[in-house]
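For reference, the structure discussed in these notes is given below.
The values are calculated or read from the model by the stated rules, or taken from the named source; none is laboratory data. Quick caveat: nothing in here was measured; it's all calculated off a predicted structure. Cβ atoms come from the backbone with ideal geometry, glycine included; neighbour counts cover every protein chain shown.
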Amino acid sequence: MRNLVVRTRPRTFVTPWTLDSMHRQLDNWMDRAFRVSNGDSLEHSLTLTPRMDIAETGKGYELTADLPGMQDKDVDVSVSNDVLTITGKRSYERENDGRNVHLNERGFGRFKRSFSLPDDVDQDHIQARLKNGVLEIHLPKAEEVAPSSRQIKVKTS
């Protein structure tokens, strides 16, 4: 006796054209999800989140941030309530030279990154330097702080 096979939906064939269409649709969804712009609208800008590294040395901590194309006037570094905050703004630069822009993925807009500082950072001597699009912040460790508690010898009377 033969087995009866019932198909509930027709077979679909994947062709290069359907794959291309699916790829374009997926790109559109991703563009909308991550707000990628084609350069026509400032409200659909790619979110600017600089990449940063933090390393500890014997004398302190080193924070390095990639800020390509930015100048010192575009960046602000501040410390408040044991929190280091880096803010900045990269302006949208569009040359009006008759070109048709098809894709613009370079991020622009405002950004803000904040980090809680360890207790051993000397906040009065933090230094920051921006050179060739790389922000370097040196967070020196404080000199040995006197312990907040000490042992008190109990005398007998």
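Of all residues in segment 69-101, those satisfying the criterion of being of a type in the set (Ser, Thr, Tyr) and part of a loop (DSSP other than H, G, I, E, B) are SER91, TYR92. Scanning segment 123-141 for residues that are farther than 16 Å from ARG51 by Cβ and in contact with a Gly (Cβ under 8 Å, 6 or more places away or on another chain) returns HIS138, LEU139, PRO140, LYS141.
Applying a threshold of 8 Å to beta carbon distances and a minimum spacing of six or more residues, or different chains, the list of pairs starting in segment 106-122 at a residue that is of a type in the set (Ser, Thr, Tyr) and ending at one that is surrounded by 12 or more Cβ atoms within 10 Å (Cβ to Cβ) and not in a strand (DSSP E or B) reads SER116/ASP82.
The residues of segment 63-101 that are more than 30 Å from ASP119 (Cα to Cα) and under 16 Å from the mean Cα position of the chain (by Cα), listed by number, are PRO68, GLY69, MET70, ARG90.
For residues that are in contact with a Leu (Cβ under 6 Å, 6 or more places away or on another chain) and not in a strand (DSSP E or B), scanning just segment 44-68, find the one that is modelled with the highest pLDDT. Result: LEU67.
Is at least one residue of segment 65-74 free of Cβ contacts under 8 Å to residues at least 24 places away in the same chain and out of contact with any Cys (no Cβ under 9 Å at 6 or more places or on another chain)?
If we filter segment 65-74 for residues that are free of Cβ contacts under 8 Å to residues at least 24 places away in the same chain, which is where we start, we get 73-74.
Those still in the list that are out of contact with any Cys (no Cβ under 9 Å at 6 or more places or on another chain) too: 73-74.
Yes, segment 65-74 has at least one match.
The residues of segment 102-157 that are surrounded by 12 or more Cβ atoms within 10 Å (Cβ to Cβ) and of a type in the set (Val, Ile, Thr), listed by number, are VAL121, ILE126, VAL134, ILE137.
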